[in-house]
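**Q** One structure, pasted below without further comment.
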Amino acid sequence: MRRLVGGAVYALSAAIGLLAFAYPFFTGGQAQGAGFAAHGQDAPLVTAALVGLALVALLVELQGEALGAKTVAMLGVLVAVASTLRFIEVAVPLPGGFSPIFAPIILAGYVFGSRFGFLMGAFSLLVSGLVTGGVGPWLPYQMFTAGWMGLTAGWLPRPTAAVSRRECAVLAAFGFVWGLLYGVIINLYFWPFAAGPAGQAWTPGLGLRETLARYGAFYLVTSFGWDVMRAVGNGVLIGLLGAPTIRALVRFRRRLYFEVRR
């Protein structure tokens, strides 16, 4: 029963996220706002819904495991570490969209599973946004996307303490792809509201093929170069630090979980 309730909470979170990104395409986004100022009214509601569901998910996990409190404590520690890394991005100018916050999200989701990874991504972006002043209508969309990053990392085969080069290479490639995919998804929160050249702007009534073509042109011109630096940064960080980090997290995972044999 607990797994069904927990699964329903995460599924509802995903549905709200997809709806938040998609609804401007069905309501005529350009009539509601412009560019980065879009979602000024609905963003607080989306943030509250996501945070509320994440807290419910934590309560469900606590109710179902004898060591659930230790798991939540580990989540808090890792979120604090990832949020602290965001200060590097603020204090030291980094190239393009590179940020050290994403590698821990991927590695945590990979070791502890998809549900842990979703919570790690969502809370890391929330806390880091609060402590660095990065709060705005974009925040809930960053939280959803980072949560999906951690979620999908949990779909990869579970690691062991003996981390191979192939395993690190797969994770580095995963981080590279998500470095680009993160930008592709995040841009969708404001693109329906943005003005621009006819071949890059969205207008109501476009077919799917034309919408994708215009968004592709918009993304290549405005964001691709920026996101490449994030993708390369993810791959390099995971390639250099992934193996020792995974070994440490696997040791913690073994201490947090136990199996009673009869």
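The values are calculated or read from the model by the stated rules, or taken from the named source; none is laboratory data. Here the structure is a predicted model, which means the values were calculated and not measured. With ideal geometry, Cβ positions are generated from the backbone for all residues, glycine too; neighbour counts draw on all protein chains shown.
**Q** So the check is Cβ under 9 Å with 6+ separation or different chains; which pairs have a first residue in segment 193-205 that's within 13 Å of L220 (Cα to Cα) and a second one that's β-branched (V, I, T) and surrounded by fewer than 18 Cβ atoms within 10 Å (Cβ to Cβ)?
**A** Q200/V221; Q200/T222
**Q** Report every pair of residues separated by at least 6 positions or lying on different chains whose Cβ atoms are under 9 Å apart, first residue within segment 73-92 and surrounded by 14 or more Cβ atoms within 10 Å (Cβ to Cβ) and modelled with pLDDT under 90, second basic (K, R) and part of a helix (DSSP H, G or I).
**A** Close Cβ pairs satisfying both conditions: M74/R253.
**Q** Considering only segment 202-210, I want to know if a residue exists there that is within 22 Å of Q142 (Cα to Cα) and polar (S, T, N, Q). Let's see the steps before the verdict.
**A** Just the residues of segment 202-210 that are within 22 Å of Q142 (Cα to Cα), to begin with: 202.
So of that shortlist, the ones also polar (S, T, N, Q) come out as none.
No, that holds for no residue.
**Q** Quick check on F102: is it aromatic (F, W, Y) and modelled with pLDDT of 90 or more? If you could, list the steps in order and put the result at the bottom.
**A** Details: aromatic (F, W, Y): yes; modelled with pLDDT of 90 or more: yes.
Considered against the rule, which asks whether it is aromatic (F, W, Y) and modelled with pLDDT of 90 or more, F102 comes out as yes.
**Q** How many residues are surrounded by 15 or more Cβ atoms within 10 Å (Cβ to Cβ), outside any helix (DSSP H, G or I) and hydroxyl-bearing (S, T, Y) if we restrict to segment 198-254?
**A** 1
**Q** On to the next question. Among the residues of segment 111-126, is there at least one that is under 22 Å from G225 (Cα atoms), in contact (Cβ under 8 Å) with a residue 12 or more places away in the chain and part of a helix (DSSP H, G or I)?
**A** No: segment 111-126 contains no residue that is under 22 Å from G225 (Cα atoms), in contact (Cβ under 8 Å) with a residue 12 or more places away in the chain and part of a helix (DSSP H, G or I).
**Q** Against the conditions (1) surrounded by 18 or more Cβ atoms within 10 Å (Cβ to Cβ); (2) part of a loop (DSSP other than H, G, I, E, B); (3) under 16 Å from the mean Cα position of the chain (by Cα), where does L151 fall short? Just the number, please.
**A** (2)
**Q** Can you tell me which residues in segment 137-167 are under 19 Å from V250 (Cβ atoms), at pLDDT 85 or above and of a type in the set (A, V, I, L, M)?
**A** Within segment 137-167, the first condition is being under 19 Å from V250 (Cβ atoms), and the residues that meet it are 150, 153-167.
Adding the requirement that they be at pLDDT 85 or above leaves 150, 153-157, 165-167.
Within segment 137-167, A153, L156 qualify.
**Q** While we're on this one: Does at least one position in segment 154-169 carry a residue that is in contact (Cβ under 8 Å) with a residue 12 or more places away in the chain, among the hydrophobic types (A, V, I, L, M, F, W, C) and surrounded by 20 or more Cβ atoms within 10 Å (Cβ to Cβ)?
**A** no
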